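Report on one structure; see the data block that follows.
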Amino acid sequence: MLVVAVVYLFFPGNNLFSEDSIAYANNVKYGESLFWPHHLLYSAFNYCLYIPFKQIIHSLDAFRFMQLVNGISGLLCLCVFNKIVMKLTGDKKWANTWTFFVACCFGVIRFSVEIETYIQPLFFSLLSSLFFLKYQNTCKMYYVVFCSLTASIACLFHQIHLFWGIGLFVGFILYGRWKPVVVYALPTLSVLVVYSLVMVFYNDIPFSCSNLTTYLLDYYYSEKADISFGVSNVLLTGISFFRTFFQVHGIIIDVLRLIPFFWIVIPVVLILLGVGVYHLKGFRFKPVHLMENRFELTHLIIFFLQFSFAFFSDGNAEFMVMLPFLIPLFIPCLFDFNLKAVPYISVALLIWNFCFSVYPNHHFDYFNNRHLLQIIDQHPNKAFILMQRNVIVEQYYYETGKYEDFRLIHADSEEDITRLRSENRIFYTDVLTKKMPFNRAQFIQVHNYDNLHFRKRIKKIYTDLGAFYIDEISPEVR
């Protein structure tokens with residue numbers, strides 16, 4: 001846990017691949033848009049933590065503070081998980097071994113060192129499972145209330161945890177008693193109450209069932225929502241599931257170029273995995289009556305629900321962060337295997353994920369966005385067509401307090417190009433020479449910049465991935 005704590009708390013990421021992280025930091029820094037429907041309490045909760053600390057430490061950076069809070073949340077998740085496994089098995093070695101395995105998985109590490117919304121709700125879902133287990137052991141009804149309340153709080157922190165709550169509801173039904181089912185269901189209505197209060201008093205939306213439904217499902221009405229079924233689901237789900245444990249990203253190629261010593265990591269990790277697989281040679285299916293193991297069956301159902309939703313969301317890796325916590329809760333019930341295999345696999349995970357994600361993302365500056373922000377600030381009358389447009393808009397606002405989305409645009413935004421050309425704006429861009437590591441977004445959507453005609457070089461920006469230029473261009477509407 002000491003090693004894990006050092007990784008989670010002292011190696012925060014320094015590079016932005018998504019605009020969401022910096023947007024959340026903007027919410028907290030400026031106290032704006034604190035309630036997003038699909039993760040209602042996340043920004044508001046972090047804001048309530050940030051303000052008192054800001055009064056004490058005036059130079060406190062909201063972005064770094066939120067990374068620290070996520071790191072602490074990740075450690076708290078591991079503590080609750082350890083307690084669950086201890087109560088479930090009564091075996092301290094078993095609990096510690098699986099806790100270390102979960103702590104080394106890439107999805108858990110990734111969302112503990114970045115600003116994302118997925119670790120804090122997981123803490124409350126794990127608490128709800130702990131209370132579910134305590135009810136199973138004691139049949140005391142107040143544990144059902146605690147289970148329901150913490151599951152509801154998890155949903156308020158992120159809607160994806162609705163499926164964890166549904167799984168627990170099914171778990172109570174499996175007991176065949178109506179009272180715990182009703183007692184669990186009633187407190188979940190508090191979710192609708194909280195959403196209604198925020199909608200009416202924070203967003204000034206009149207209350208009605210129609211308005212509440214629209215507000216609840218706001219994200220799923222947006223262009224970002226992607227529920228589909230096809231070949232890409234199968235392919236991306238497989239990649240994302242693997243990536244929940246091992247870092248897989250185009251940046252690995254650049255890391256090997258920047259730190260050639262890390263080539264040695266590959267054989268070391270393969271050897272550790274080989275030893276782990278060797279110890280799994282007795283791995284076999286264990287005939288078991290799952291109805292006699294309701295806790296394990298319940299969490300197998302939760303795993304299926306969470307995994308299925310991630311699948312239909314185009315294999316979204318962000319919706320799989322809870323899977324490493326769920327697997328150890330039902331796998332031992334279904335299979336016999338040698339526990340000695342797990343530490344070898346865990347160490348392999350930790351070494352790989354630290355060397356090819358945590359350390360380089362903390363140590364290197366892949367994009368040198370600060371220099372780009374300076375150029376944007378120094379040329380207030382220029383229009384910029386940017387490769388990471390959404391990230392830069394949010395980061396520019398974070399650094400300056402000015403929202404410049406009207407002149408920072410995408411290459412395929414015909415309406416914006418037409419508008420800015422009518423204003424006789426000169427166009428600058430970074431897309432002609434900027435190098436981006438290959439990622440999931442590029443796999444799904446390929447951009448074509450043949451409508452941007454080069455005119456001259458303006459400025460060279462140096463990054464650890466290699467230099468790129470700010471170019472003056474003449475854009476055309478396709």
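The values are calculated or read from the model by the stated rules, or taken from the named source; none is laboratory data. Worth saying up front: this structure is predicted, and the values here are computed from it rather than measured. Backbone-built Cβ (ideal geometry, glycine too); neighbour counts: all protein chains shown.
Scan 79, 155 and give me the residue that is crowded, with 17+ Cβ neighbours inside 10 Å and either without any contact (Cβ under 8 Å) to a residue 60 or more places away in the chain or in the same structural domain as residue 7 (by TED's automatic domain parsing) (or both). Exactly one of 79, 155 is crowded, with 17+ Cβ neighbours inside 10 Å and either without any contact (Cβ under 8 Å) to a residue 60 or more places away in the chain or in the same structural domain as residue 7 (by TED's automatic domain parsing) (or both), namely 155. Among the residues making up the range 37-57, those that are closer than 30 Å to residue 387 by Cβ and surrounded by fewer than 20 Cβ atoms within 10 Å (Cβ to Cβ) are 37, 38. Which residue is surrounded by the fewest Cβ atoms within 10 Å (Cβ to Cβ), if the candidates are limited to the range 234-258 and must be assigned to a loop (DSSP other than H, G, I, E, B) and not aliphatic (A, V, I, L, M)? Applying the filter and picking the extreme gives 250.
If residue 32 meets every condition in (1) of a type in the set (D, E, K, R); (2) surrounded by fewer than 19 Cβ atoms within 10 Å (Cβ to Cβ); (3) touching a residue at least 60 places away in the same chain (Cβ under 8 Å) apart from one, which number is that one? The number of the failed condition is (3). Here the condition is being farther than 25 Å from residue 73 by Cα and of a type in the set (Phe, Trp, Tyr); of 307, 335, it holds for 335 alone.
Return a yes/no flag: does the range 339-350 have any residue that is over 24 Å from the mean Cα position of the chain (by Cα) and surrounded by fewer than 16 Cβ atoms within 10 Å (Cβ to Cβ). Yes, that holds for at least one residue.
Conditions (1) surrounded by fewer than 22 Cβ atoms within 10 Å (Cβ to Cβ); (2) under 16 Å from the mean Cα position of the chain (by Cα); (3) in contact (Cβ under 8 Å) with a residue 60 or more places away in the chain, marked per residue:
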residue	(1), (2), (3)
97	yes, no, yes
100	yes, no, yes
103	no, yes, yes
106	no, yes, yes
109	no, yes, yes
113	no, yes, yes
125	no, yes, yes
143	yes, no, no
148	no, no, no
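Taken over the range 193-207, residues that are free of Cβ contacts under 8 Å to residues at least 24 places away in the same chain, in a helix (DSSP H, G or I) and among the hydrophobic types (A, V, I, L, M, F, W, C) amount to 5.
In this structure, is residue 383 farther than 30 Å from residue 60 by Cα, touching a Leu at 6+ places or on another chain (Cβ under 7 Å), surrounded by 20 or more Cβ atoms within 10 Å (Cβ to Cβ) and at pLDDT below 95?
no
Of the listed requirements (1) among the aliphatic types (A, V, I, L, M); (2) surrounded by 20 or more Cβ atoms within 10 Å (Cβ to Cβ); (3) under 17 Å from the mean Cα position of the chain (by Cα), residue 72 misses just one: (2). In the range 114-192, counting only helices (runs of 4 or more DSSP H) that sit wholly within it, the ones holding 3 or more residues that are under 30 Å from residue 47 (Cα atoms) span 119-138, 141-157, 162-174.
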